[in-house]
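Written out below as structure tokens is the structure these notes cover.
The values are calculated or read from the model by the stated rules, or taken from the named source; none is laboratory data. Quick caveat, the model's predicted, so the values are computed rather than measured. Each accessible area value is taken on the protein alone, full model and side chains, heavy atoms only, with ligands, DNA and RNA left out. Shrake-Rupley method; radii C 1.70, N 1.55, O 1.52, S 1.80 Å.
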Amino acid sequence: MCVLGTLAAGLLVAASYLVKDVVVVVDGTPVAIRGFAPRVADALGEAGVSVGQGDVVRPALSEGIADGSTIEVRHARLITLTLDGHTTTHLVTATNVRDALAELDVEAAAGSLSAPPGRPVPLSGMSLTAYTERRVYVVAGATRLAARTTARTVRQVLRQERVVVRRGSMVRPPLDSFPEDGTVITVMPPRAVQIPWEVTRLDWQALADCVARGDPRAYNPDGPYYGMYQFSLPMWQAVGGVGLPSAWPEEEQTYRAQLLYQRVGGRWQTQWPNCGDRLFT
């Protein structure tokens, strides 16, 4: 009886050494368990914690565990992210919006979000819309400004900057387009004068190529002269131009050149003596 008692006591002592106290941290919530599991996968099974595709487990499922081990499990969540108008889907293990965006390397601190940064991301997933802060530039007549914005459209940028778009004005890019970082928004004044067909059909590109190699930003200090048609400032202003000719898109410069052609009654020799004949090639 003494031998049997000693053996039983020894087995009990040995068994007690096999018992492990383990902490399983599931999505940030710790749970203490006690068991005999030799590996991480076994311990999670004893704790009733399932692991699926995209989930992160540390240490790995195949790793052995010892008494006092900590096992971390972060379940994957599906995020449908619309970032600056572009929609993509991702699996993240973050439990709130702020950490999910950090995991996706999206800087949202200075942007706008459809959900508060601290909102939990449920296991079922969620949709999230984010607009980053971008730097854009506005050219409207004599107005030149740079702005930081999270606006979704060019129209919103102009409203935020209190730029009035008069009826008949031309805006580039279009009002409903998305203003990417670095976008230059140009507001061209209304065109009160219609250009006759016989003037528009002349070869204005050939003239621009001869005068300034077609470069809308061309500058000649001798005049000084500006743009693809080498306007002087007085002549540019005489045909309704605002600011520098070279600050405007090609389309606006061509329109003002056509107005000038009409203003001088088609006598191109007074304005483009060396290249005006290219209009008729």
Original post:
What residue among SER246, SER169, SER50 shows peak mean-square fluctuation when the chain is described by a Gaussian network model with Cα springs under 10 Å?
Top reply: SER50
Original post:
Can you pull the Kirkwood radius for the chain, inverse mean 1/r over Cα pairs, to one decimal in Å?
Top reply: 25.2
Subject >> HIS75, HIS86, reordered so the largest accessible area comes first (probe 1.4 Å) >> reply: HIS86, HIS75
Original post:
Using the heavy atoms of the protein chains alone and a 1.4 angstrom probe, what is the accessible area of the range 90-222 per residue in square angstrom?
Top reply: 59
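For the chain, what's the relative contact order in percent, using C-alpha pairs closer than 8 Å and at least 6 residues apart?
Reported relative contact order: 10 percent.
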Original post:
With every protein chain in place, what's the accessible area of VAL25 (1.4 Å probe, Å², nearest 10)?
Top reply: 30
Original post:
If you average over every viewing direction, what projected area does the convex hull of the Cα atoms of the range 162-214 give, in nm²?
Top reply: 5.9
**OP:** Kindly identify the range 61-186 as rounded, prolate or oblate by the Cα gyration tensor criterion: order the square roots of the eigenvalues as a ≥ b ≥ c, call it rounded if a/c is under 1.5, otherwise compare a/b with b/c, prolate if a/b is larger, else oblate.
**Re:** prolate
Original post:
Which percent of the accessible area of the chain is formed by carbon and sulfur heavy atoms (probe 1.4 angstrom)?
Top reply: 53
**OP:** Rounded to whole Hz and in sequence order, give me ³J(HN,Hα) for the range 234-247 from the Karplus expression 6.51 cos²θ - 1.76 cosθ + 1.60, θ = phi - 60°, writing x for Gly and Pro.
**Re:** x, 6, 4, 5, 5, 9, x, x, 10, x, 8, x, 5, 8
